[in-house]
Amino acid sequence: MDESSFAAQLNRESEAWVAEGIVSAEQAAAIRSRYADVRVGRRASATTALSVIGGVAVGVGVIAFVAANWDGMSHGARLALLTLTVAGAYGGGYHFRDRAATAPRVGEALYLLGVLAFGASIFLVGQMYNVQAHDPLGLLLWAAGATATALVVRSRALATTAVLVFTAWVGFEFGLAL
């Protein structure tokens with residue numbers, strides 16, 4: 001059944017129930033609001049998915065931009081850019097999703113962008129200072145940071161990202177063909 005026709009029928013029926021004395025006006029309003037949340041939830045899922053995809057796309061774009069201009073920047077500028085990117089993404093995520101709650105999906109996407117920027121920062125700082133470490137260690141550190149962020153902000157998208165990064169670490173660490 002189409003959601004809009006369902007809503008219209010529910011409104012008609014609930015008004016009739018009130019007129020017939022089957023339910024009170026408050027009960028009818030509670031019933032309507034319960035099903036309004038279901039309709040919004042379906043739309044919210046699609047919006048959340050698109051926000052996450054957008055966050056990933058922006059994250060990949062930022063990583064590509066920084067990588068293309070990396071050699072032309074000083075070490076201090078590189079560290080400042082990486083730190084500000086991660087902090088800005090997390091700060092924006094907090095503002096939009098948790099503090100003001102004006103755009104929770106945008107906030108979720110910004111948290112995801114922050115996790116992606118954190119992962120990129122690990123590898124770029126390692127490259128910048130020529131850190132000699134076991135190759136998959138960066139993935140494990142990234143997974144740990146993503147897990148901590150997912151737990152602090154209670155985000156399924158970030159938890160999924162952490163699981164994917166951890167899976168990549170397992171594959172590289174143990175030489176599994178993925």
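Tabulated results
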read-out	value
For the chain: span of alpha carbons on each principal axis (Å, largest first)	78, 37, 26
Net +/- balance of residues flanking R154 in space, Cβ distance below 11 Å, scoring K and R +1, D and E -1	0
Ranked packing of 6-12, 137-143, most packed first, by mean Cβ within 10 Å	137-143, 6-12
Using alpha-carbon coordinates, inclination of helix 104-128 to the longest axis of the chain, degrees	10
Label zone at Y129 (point 7 Å along Cα-to-Cβ), backbone N below 17 Å, segment 73-103	74-84
Burial order of peptide ranges 170-176, 49-55 (average beta-carbon count within 10 Å, highest first)	49-55, 170-176
Gain on full stretching of the segment that runs from Q27 to T102 - 0.36 nm per residue minus C-alpha separation	24.1 nm
Distance from segment 99-178 to segment 69-83 (C-alpha centre basis), Å	20
Expected-Rg normalisation [2.2 N^0.38 Å, Cα atoms] applied to segment 47-132	1.16
Acute angle (nearest 10 degrees) that the helix 75-93 long axis makes with the longest principal axis of the chain, alpha-carbon atoms	10
Net charge dipole size for the chain [Lys, Arg +1 and Asp, Glu -1 on Cβ; Debye, nearest 20]	200
Inter-site label distance for F174 and A7 at 7 Å from Cα along Cβ, in nm	4.9
Helical mean residue ellipticity (222 nm; -39500 (n - 2.57) per DSSP H run of 4+; nearest 500) of the chain	-28000 deg cm²/dmol
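Where a number appears in this text, it was derived from the coordinates with a stated rule and is not lab data. Note that the coordinates shown come from a computational prediction; the quantities given were computed from them, not determined experimentally. Cβ: placed from backbone, ideal geometry, glycine included. Neighbour counts: every protein chain shown.
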